[in-house]
Amino acid sequence: MEKIALPPPPSKRLVKTALHQAVLDERLHQVRLLVDKHGVGIDTKDVHGRTPLMLSCIIDNHELGYRMAYILLKAGAYLNLRDGMGRTALSYACMNGRESCVAVLLKEDVLDINEPDNDGNTPLHHASTCGNPRIVDMLAKAFHKFGLNADKRNNLGYTALLLACKSGHYVSAHLLLTVAKASPALRDGEFHLNATEWAQRSHQIQARLTDRSFLASAPAATPRPLAALSFEREDSMYQRPWVPICRLYRVPNPHFSADNFKLPDILLPPPGIRSELFLDGLDARQILLNEIELSESKTRPVSTKATLSKWSHPPTAKLRNISQRNAPSSASVPDMVTMFKMYCEQYQPDWRTMNKQRRKTMAVGGQGMTSNNSNHSFSDIAGAAHGEGVEMPS
């Protein structure tokens, strides 16, 4: 019976194969020879769990890495393999800003583009921090095409939009907001800040680093003289000893000298990559903030409460309170007729000038009213109001 050879355990796994070494040494013809002629295993993992396809997305030479990745993909390399940190070849391509490798990997249908690693970071998280907005644009279009969730959080609660705003990559953040439809209202789990607050904070840090960069071009520091009190006898006993003022001299700081000072990647983007600070010649940060404010205004609920009329009358209870406040303490509570009179003066102020003929028809109990008498009792008017359906106050 023929025995089947099992793969070695991880502790006894080979450090790397000849194909791994050929990729690391950037020997393109040797990689083609090993794959096409010798048929070596293209999905073999090294001691860290990385395949040759992952290594082709890490090497420094972008062009050779793209051509090696194309050879391995054409030979049938599996794209969804993970290394010891749970990262795929697409994760390494997005992390290192390999635009051409990302483009060729996204053409494969079997690729899972939203798979997180051990830290919870998806390829979109890595792309938002690499500083290449073209990679973010390709991934955002793929997310929009397949209806994927662009607001997946990592283990610290950051979304791809929050990481882009935190890193100062405003163009990438704008693409995530407009193309991938990421939510700007979410907050991270570490500092509990949203996209707007992270954009403002990263801008402040960037301005602070820019101010520090001018220290490299400052003139050389003047050596500080010996600052010690003189105990020798002077020409005059009333002469004050000379003590230098410390603020007039600057001690050279080795961390900000012209030789070893280096700006971070947020200020100096790699050559050939579009800047993250300007979008079509305009300030990308301000465009991002305007887009966030516009998106929040669309989702903000609008109040449908009707405004009060211009000529609003005070309620009857308020009128009664005012009358009691102005009346003496011994005043009694007004009766029902007085309250009804206040009610009519509030909601029907012209009740006294009603038509005389109409008041005759509104009389209750057959009590006649002469047309010559214009002063009528208020009880008749109250009974007429009851007959017409006027609401009486309780």
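Across region 8-36, which residue is nearest to residue 65 (Cα to Cα) among those that are of a type outside the set (Val, Ile, Thr) and modelled with pLDDT under 90? Full working, then the answer.
Of region 8-36, the ones of a type outside the set (Val, Ile, Thr) are 8-14, 16, 18-22, 24-30, 32-34, 36.
If we keep only those that are modelled with pLDDT under 90 too, we end up with 8-14, 16.
On the way: 8: 29, 9: 29, 10: 27, 11: 29, 12: 28, 13: 25, 14: 23, 16: 18 Å.
It comes out as 16.
Please enumerate the residues belonging to region 41-57 that are crowded, with 17+ Cβ neighbours inside 10 Å and either of a type outside the set (Ser, Thr, Tyr) or outside the structural domain of residue 92 (by TED's automatic domain parsing) (or both).
42, 45, 46, 50, 52, 53, 54, 55, 57
Quick check on this structure: which one of 140, 150, 173, 164 is crowded, with 24+ Cβ neighbours inside 10 Å, among the small types (Gly, Ala, Ser) and more than 16 Å from residue 275 (Cβ to Cβ)?
On the way: 150 fails: crowded, with 24+ Cβ neighbours inside 10 Å; 173 fails: more than 16 Å from residue 275 (Cβ to Cβ); 164 fails: more than 16 Å from residue 275 (Cβ to Cβ).
Going through 140, 150, 173, 164 in turn, just one is crowded, with 24+ Cβ neighbours inside 10 Å, among the small types (Gly, Ala, Ser) and more than 16 Å from residue 275 (Cβ to Cβ): 140.
Identify, from the list 32, 27, the residue that is within 21 Å of residue 98 (Cα to Cα), out of contact with any helix residue (DSSP H, G or I) (no Cβ under 8 Å at 6 or more places or on another chain) and surrounded by fewer than 20 Cβ atoms within 10 Å (Cβ to Cβ). Write out each step before concluding.
Details: 32 fails: out of contact with any helix residue (DSSP H, G or I) (no Cβ under 8 Å at 6 or more places or on another chain).
Checking each option against the conditions leaves just 27.
Given the conditions (1) part of a helix (DSSP H, G or I); (2) loosely packed, with under 14 Cβ neighbours inside 10 Å; (3) in contact with a Lys or Arg (Cβ under 9 Å, 6 or more places away or on another chain), report the number of the one that residue 145 does not fulfil.
(3)
Would a scan of region 89-99 turn up a residue that is surrounded by fewer than 16 Cβ atoms within 10 Å (Cβ to Cβ) and either closer than 15 Å to residue 116 by Cβ or touching a residue at least 40 places away in the same chain (Cβ under 8 Å) (or both)? Quick ask: steps written out before the conclusion?
Keep residues of region 89-99 that are surrounded by fewer than 16 Cβ atoms within 10 Å (Cβ to Cβ), which gives none.
Taking every residue of region 89-99 in turn, none turns out to be surrounded by fewer than 16 Cβ atoms within 10 Å (Cβ to Cβ) and either closer than 15 Å to residue 116 by Cβ or touching a residue at least 40 places away in the same chain (Cβ under 8 Å) (or both).
Among 128, 91, 167, 100, which is the only one that is touching a Pro at 6+ places or on another chain (Cβ under 7 Å) and either at negative phi or outside the structural domain of residue 204 (by TED's automatic domain parsing) (or both)?
91
Determine which single condition residue 118 fails, assuming it passes every other condition in (1) in a helix (DSSP H, G or I); (2) surrounded by fewer than 24 Cβ atoms within 10 Å (Cβ to Cβ).
(1)
Suppose we filter region 95-110 for residues that are modelled with pLDDT under 90 and either among the β-branched types (Val, Ile, Thr) or touching a helix residue (DSSP H, G or I) at 6+ places or on another chain (Cβ under 6 Å) (or both); how many remain? Let's see the steps before the verdict.
Going through region 95-110, the residues modelled with pLDDT under 90 turn out to be 108-110.
Cutting the leftovers down to either among the β-branched types (Val, Ile, Thr) or touching a helix residue (DSSP H, G or I) at 6+ places or on another chain (Cβ under 6 Å) (or both) gives us 110.
Result for region 95-110: 1.
Just for helices (runs of 4 or more DSSP H) wholly inside region 50-111: which have at least 3 residues that are closer than 17 Å to residue 26 by Cα and over 31 Å from the mean Cα position of the chain (by Cα)? Steps first, answer last, please.
Working: elements: 52-56, 62-74, 89-95, 99-106.
So the answer is 52-56, 62-74.
The values are calculated or read from the model by the stated rules, or taken from the named source; none is laboratory data. It should be emphasised that the depicted structure is a prediction, and the values quoted were computed from it without experimental measurement. Positions of Cβ are backbone-derived with ideal geometry, glycine not excepted, and every protein chain shown enters the neighbour counts.
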